[in-house]
Every structure is written in C-alpha cells, then in structure tokens.
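These notes concern the structure reproduced below.
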Amino acid sequence: MKYFSYLLLLLFFSSCGAIQVDYDYDRNTDFSSYTTYNYFSDLQTGLNQLDEKRLMRAMDITLQSKGLMFSEEADIFINIKSTVFRAQAGNSVGVGLGGGGNVGGGVSIGIPVGGPKLNRELQIDFVDAKKDILIWQAISESPFKEGSTPVEKEQKMQELVAKIFDKYPPKSRK
C-alpha cells in the first residue's frame, strides 16, 4: 500500500507539468507537397529575443528532421504567437459540516491550495504561401517557470517543440 501511495503521488506531480497540444488542419491538404518553409517577416511572437531564438532554433531542427527545408521561396509561411498567463491552481481542500437527527443542514467550502501558476500558450500557424490560407495549427499550453536558467529554458523549448510537432504532418482522414 505504501508503494501505491508513492506511485499516486508521482503521477500527480508528473501530470502537473504536462504539455497539452490541440491540433487543427485542413483535411483536404496534401502535406507531402510542402517541402520548404519560412517565417512571416513581420513575426510578433510575444517572446523576448532570446526565447524567440531558442524557439526558432528548435523548430528549424525539428522541421528539417521532418523533411522541410528553410527557404526564401517557401511553400509554407509560419506565424507564431505566445502569451504567458496566470492560471489558478486547480487544487483545493474541502471543509464540510453536517447535521443529523430531525434537523438537516450542511455547509461546505473549498479552500484553494497554492497560488496561481504561470502557463504559456504557444500558437503555431502554417499558411500555404501560394493560396494564403491556414492549413495547419497547433496550440499548446504548458507550465512556465520564471527565473529558469538559460540551459533549462533551452531544454524546455526543445521539449515543447518536440511535443507540438509530434503529430506533424497529420495523417489524412479523408
């Protein structure tokens, strides 16, 4: 029973730091026809310059491993938007009072445990360069820790990008 408690505790803490990614794409698009990419020239990522470089470096490595090459004459233009926001902790402690006998009643309250946590939402859009239409989108949400070292930031950015592009290119569902 003791080991079971440790296992539950480990699962709880590992789930708190999970990266969640939602995908959307045009199911009529033949993603194998795209071989080159570039970023929009007026990119406003919402990241500081150092984090933007980390993100783009991780994306370049990942996209090239998937067969896409960076090019001035690109098939796909990429737009990136990022926001950091405070999310209220989902943990709370419940306190309840009850009555008995011929008189009924009860009181219950939830007390939040822990303070608000920082999360980062990162949206990546792939736009067909010739048709100027959105063909693929990923929106991720992940914990964000202020005061991380540059090495930690680089590692987290690589993990985030790997998770985002895990299901790219999408499997056709025609």
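The values are calculated or read from the model by the stated rules, or taken from the named source; none is laboratory data. All of these numbers come straight from a predicted model, not from anything done at the bench. All Cβ positions, glycine included, derive from the backbone under ideal geometry; neighbour counts span all protein chains shown. Note: accessible area is taken over every heavy atom of the protein model, side chains too, but ligands, DNA and RNA are not part of it. Shrake-Rupley method; radii C 1.70, N 1.55, O 1.52, S 1.80 Å.
One line per residue, one yes/no per condition, for (1) of a type in the set (Lys, Arg); (2) free of Cβ contacts under 8 Å to residues at least 24 places away in the same chain; (3) out of contact with any Asp or Glu (no Cβ under 7 Å at 6 or more places or on another chain):
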{"residue": "129", "(1), (2), (3)": "no, no, no"}
{"residue": "141", "(1), (2), (3)": "no, no, no"}
{"residue": "156", "(1), (2), (3)": "yes, yes, yes"}
{"residue": "161", "(1), (2), (3)": "no, no, yes"}
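Of all residues in the range 47-90, those satisfying the criterion of being open to solvent by 40 Å² or more (accessible area, probe 1.4 Å) and over 21 Å from the mean Cα position of the chain (by Cα) are 67, 69, 70, 72, 73.
When you check residue 121 against the structure, is it open to solvent by 60 Å² or more (accessible area, probe 1.4 Å), at pLDDT 85 or above and either part of a strand (DSSP E or B) or in contact with a helix residue (DSSP H, G or I) (Cβ under 9 Å, 6 or more places away or on another chain) (or both), yes or no? Quick ask: steps written out before the conclusion?
Working: open to solvent by 60 Å² or more (accessible area, probe 1.4 Å): yes; at pLDDT 85 or above: yes; either part of a strand (DSSP E or B) or in contact with a helix residue (DSSP H, G or I) (Cβ under 9 Å, 6 or more places away or on another chain) (or both): yes.
When the stated conditions are applied, residue 121 passes them.
Out of the residues in the range 1-46 that are at pLDDT 95 or above and of a type in the set (A, V, I, L, M, F, W, C), which is surrounded by the fewest Cβ atoms within 10 Å (Cβ to Cβ)? My answer is 40.
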